[in-house]
1. Could you state the per residue volume, in Å³, of the convex hull enclosing the Cα atoms of the stretch 42-93?
2. Once you order the gyration tensor axes a ≥ b ≥ c over the Cα atoms, which shape class does the stretch 5-89 get: rounded for a/c under 1.5, otherwise prolate or oblate by comparing a/b with b/c?
3. Expressed in whole Å with the largest first, what are the equivalent ellipsoid semi-axes of the chain derived from the C-alpha gyration tensor as the square root of 5 times each eigenvalue?
4. Take the Cα radius of gyration of the stretch 303-350 and divide it by 2.2 N^0.38 Å, with N its residue count; two decimals is plenty.
5. Only Cα pairs within less than 10 Å get springs; with that Gaussian network setup on the chain, which residue of Ala39, Ala182, Ala284 has the largest fluctuation?
6. Indicate the helices, whole DSSP H runs only, in the chain that combine a mean Kyte-Doolittle hydropathy of 1.6 or more with a Cα extent along their long axis of 20 angstrom or more.
7. Between the stretch 293-311 and the stretch 137-197, how far is it from one alpha carbon centroid to the other, in angstrom?
8. Name the residue farthest towards the positive end of the dipole of the chain from the options Leu251, Leu44, Val163, assuming +1 on Cβ of Lys and Arg, -1 on Cβ of Asp and Glu, about the Cα centre.
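Taken together, the values in this text are just the output of simple stated rules run on the coordinates, not laboratory data. What you are looking at is a predicted structure, and each value in this text was computed from that prediction instead of being measured. Please note: Cβ atoms are built from the backbone with ideal geometry, for glycine as well, and neighbour counts cover all protein chains shown.
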Amino acid sequence: MPQAWLRRTFELQDMAHPRLLPMEGLRGVAVSLVFLQHAGVQALLLGLPPGSTRAAATVFGNYGNLGVELFFLLSGYLIYGTLVRRAPGFVPFMRRRAERLYPAFLAVFVPVLALILLAGPAGRLPEGVVGGVLAILANLLFLPGLLPIQPVIAVAWSLSYEVFFYLATAAAVLGLGMHRVARARRIALLAAAAGVFVLGCAIGPAWMPVRMAPFFAGMFLAEGVGRRMPGWLGVAAPVLGCAVVALGVPLGLWGEFLQTACFFALCAACFHGTGPAARWMTWAPLRWLGNMSYSYYLIHGFVVRAAFVALGRLLPDGLPPVVFWLLLPPLFAATLAAGAVLFIAVEKPLSLKPRPRAGGATAAASPGS
């Protein structure tokens, strides 16, 4: 495929935000981790025998799940930074968030819901018309995730966290006038809120949303905390986080905060252009994946699941390790194709239309938030 077409299709030009190339690459890393998580989990369900391949699939399943945390951190950085520096009105801000989320979401949600209704609820919808309608409305309002509601699209649980963050942060920043106070005072307020959050997670009820921690890290980054992060630490920290998962170190609740700190170091080094990670994240193919990461995130799980269901019928006695490794590259390519179709047909024309910025300066937004 010609490189010029790829650049024209997957490079974004949204003049409403300054361009930050490493953020695009970081989104590509995040969604690649999520792919590995789903591939690893499906392989384990299909019956990988004990050995090094099963161990690798287990690491993929556990560490890949943290790709969502990286997404949350990037959202915290972008959304909070937008609110503090541009102070949009609450209604226009939330309208733009809806424009960003709904087109691609509905393009996947509607056909999946239709299949569920044709095939029977199968646990995705409650019995009865009233319960079914309420469940559909809850999914359309992005309630599954923070609330114990079954999502129609399995990965959409994370959108519940995103939308809650949008609402809460916009209310705090715009309602309390945080955009008008000094940076030092904002950092102090963030530190106090983060302290209450950590304490609540440590001593509070089991339903405390500990996975919201990366949003706080992203907000601190938006305030310039971590700008002196050594470049080597931006590489060493995520390697440490992956090693902790691979070795099965039992950290429990505190593992979430450790992984958040590791991603904080990675993003701080990348955003301030220090160290090799900052260069790696500007690699064009990785950025292009990051630019379509929302579409990819929504649809890739269906491709992975369909492939493993078909493979399970061909291999009823389990999944040989060599088949798992041979399957990963073409499966990843298939998910890229599905994500690209959704991105080109729906997300880019409907959610990522270029918007002029006051003063006419040229820039491009980082997608997915």
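1. Cα convex hull per residue, to the nearest whole number: 79 Å³.
2. prolate
3. Those come to 31, 25, 23 Å.
4. For the stretch 303-350, the normalised Cα radius of gyration is 1.46.
5. Top of the fluctuation ranking is Ala182.
6. 231-247, 321-342
7. Using only Cα atoms, the two centres lie 27 Å from each other.
8. After comparing all options, I get Val163.
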